[in-house]
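Q: Handing you this structure, nothing more for now.
The values are calculated or read from the model by the stated rules, or taken from the named source; none is laboratory data. All values derive from a computational prediction rather than experimental measurement. Note: ideal-geometry Cβ built from the backbone for every residue, glycine included; neighbour counts use all protein chains shown.
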Amino acid sequence: MSLESIAERFPRSLVLPGGEKVEIRMMTAADREPMLSFARHLPQKDLMFLRVDLTEESVVDAWVEALGTGHSTSLVAYDDDGLIGYATVHRNPAPWTRRVGEIRVNVSPTYRNKGLGRNLTSQIFDVARELGLKKLMANMTTDQHSAQAAFRRLGFVPEALLADYVEDRRGTSHDLVIMSYDIDGHSDQVAEPLRV
């Protein structure tokens, strides 16, 4: 399926269990400034373990460029006050990994444990399937217990533990957990798709 046909399904409105109204859109270059603002308002502990530093303009510019090349497909969530979360599937351009995508999900602290992260993850799963991906990967440190638990609930399984593989902003090294999800082999464990 093409990105154009996926994009036709957005924007989508949803009401979270607590009554909050949210809109999910495909990320475009117009989301550059809202993304920078979102990242710059994240708690320091959240920034410590981001794969890339989203507070840097050049990093968000590279993300926007990857949207244009098709190496990233991203969804963004907005409430009335601005951007409150995102889910993205990133694909490496190397031919031997073209069927593998890495998913990244982040939600504003005020929207955690309200169902937004699960909805975004469910929708990015659907996007990944429609793009023809066969395996999804997620990377996190061993310190990120809640993230590991969330991915386990979705059917991800640990694939590898890399000792002292990442370094936080303070120079402290951490072990990295690589988790994977086989789309064809575990499709019955995926969260229910969003019904709107």
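Q: From (1) of a type in the set (F, W, Y); (2) free of Cβ contacts under 8 Å to residues at least 40 places away in the same chain; (3) part of a loop (DSSP other than H, G, I, E, B), pick out the condition that doesn't hold for F10.
A: (2)
Q: Considering (1) modelled with pLDDT under 85; (2) touching a Gly at 6+ places or on another chain (Cβ under 7 Å); (3) within 25 Å of D79 (Cα to Cα), say which one H186 fails and leave the rest.
A: Condition (3) is where H186 drops out.
Yes/no matrix, rows are residues, columns are (1) touching a helix residue (DSSP H, G or I) at 6+ places or on another chain (Cβ under 7 Å); (2) buried (at least 17 other Cβ atoms within 10 Å of the Cβ); (3) of a type outside the set (V, I, T); (4) outside any loop (DSSP other than H, G, I, E, B):
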| position | (1), (2), (3), (4) |
| --- | --- |
| V60 | yes, yes, no, yes |
| I103 | yes, yes, no, yes |
| L120 | no, yes, yes, yes |
| V127 | yes, yes, no, yes |
| A138 | yes, yes, yes, yes |
| A149 | no, no, yes, yes |
| A160 | no, no, yes, yes |
| A163 | no, no, yes, yes |
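Q: I'd like to know if region 82-100 contains one or more residues that are outside any strand (DSSP E or B), at pLDDT 90 or above and surrounded by fewer than 17 Cβ atoms within 10 Å (Cβ to Cβ).
A: Within region 82-100, not a single residue is outside any strand (DSSP E or B), at pLDDT 90 or above and surrounded by fewer than 17 Cβ atoms within 10 Å (Cβ to Cβ).
Q: Same structure again: Just checking, does region 50-58 include any residue being farther than 18 Å from L83 by Cβ and at pLDDT 90 or above?
A: Yes, region 50-58 contains a residue that is farther than 18 Å from L83 by Cβ and at pLDDT 90 or above.
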